[in-house]
Amino acid sequence: MDSSSPPRPTAATDRRGFIKQASGAVAVAMLAHPLLARADAEPSEPPPAPGMLRVTLNVNGQDRTCDLEARTTLLDTLRDHLHLPGTKKGCDHGTCGACTVHVDGQRVLSCLTLAAMAEGRKITTIEGLAAGENLHPVQQAFVDCDGFQCGFCTPGQIMSAAACLREGHARSDDEIREWMSGNLCRCAAYPNIVAAVRTARDRSA
């Protein structure tokens, strides 16, 4: 045997070399595909049950995901699934305005809107109208002008009034009455509601 030739590797060194090479290959693969490394730590979310839709709604600046029947209204989703009871269920037929919310800044009757139709759009409810502890100008005006009695219709009145002002439909009392006519008040506090919208308009002028 030639004394200058390198020693023949033993079975032990062969196993060590194989393990090192295999470990290196696995590490490279895990770095190249980080999802594989997290597969055990983060199991994939199960699909919705048969007949259900997984809907993600942006409500008051936050994405909220829930599994719903296709026919579920935005109103029922807000109240029953997302636990935002400020939006009221009045007639449930689109005639009283108590369920008014904003979708992409526009007034919407949530009892007539399917939740799936609002996916990917920005939804604002009465809970998201204020800026932290600071009331929205319309909310403050309703307080100052006593624009509510029982309060049931008040969230919808306020949401409509805020949109009415933003749309520029509050230049006169008659115009306020016209553009707020879709919101009914069982207590007939209409004069105070008009005064509240007028006050919020004047304060923001």
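The values are calculated or read from the model by the stated rules, or taken from the named source; none is laboratory data. What you see is a predicted model, and the numbers here were worked out from it, not measured in a lab. Cβ atoms come from the backbone with ideal geometry, glycine included; neighbour counts cover every protein chain shown.
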| request: Could you please let me know if GLY182 is farther than 20 Å from PRO85 by Cβ, assigned to a loop (DSSP other than H, G, I, E, B) and under 30 Å from the mean Cα position of the chain (by Cα)? | output: yes
| task | Report yes if ALA170 is in contact (Cβ under 8 Å) with a residue 24 or more places away in the chain and within 28 Å of the chain's Cα centre (by Cα), otherwise no. | result | no
| query | List, please: which pairs have Cβ atoms under 6 Å, are six or more places apart or on different chains, and start with a residue in the range 42-63 that is modelled with pLDDT of 85 or more and end with one that is aromatic (Phe, Trp, Tyr) and loosely packed, with under 14 Cβ neighbours inside 10 Å? | reply | none
| said: What's the total number of residues in the range 127-144 that are more than 16 Å from ARG201 (Cα to Cα) and surrounded by 15 or more Cβ atoms within 10 Å (Cβ to Cβ)? | reply: 3
| message | Scan the range 100-121 and tell me whether some residue there is surrounded by 17 or more Cβ atoms within 10 Å (Cβ to Cβ), touching a Pro at 6+ places or on another chain (Cβ under 8 Å), closer than 25 Å to CYS185 by Cβ and in contact (Cβ under 8 Å) with a residue 12 or more places away in the chain. | response | yes
| request: Mind listing just one residue for me: the one in the range 81-98 that is more than 17 Å from THR56 (Cβ to Cβ), under 16 Å from the mean Cα position of the chain (by Cα) and of a type outside the set (S, T, N, Q) and, of those, surrounded by the fewest Cβ atoms within 10 Å (Cβ to Cβ)? | output: PRO85
| task | Enumerate the pairs (first residue in the range 66-88 and free of Cβ contacts under 8 Å to residues at least 24 places away in the same chain; second residue anywhere and part of a loop (DSSP other than H, G, I, E, B)) with beta-carbon separation below 6 Å, excluding pairs fewer than 6 apart on the same chain, so at least 6 apart or on different chains. | result | ASP67/PRO48; ARG79/PRO85
| In the range 150-201, what residues are in contact with an Asp or Glu (Cβ under 7 Å, 6 or more places away or on another chain) and of a type in the set (Lys, Arg)? | ARG198
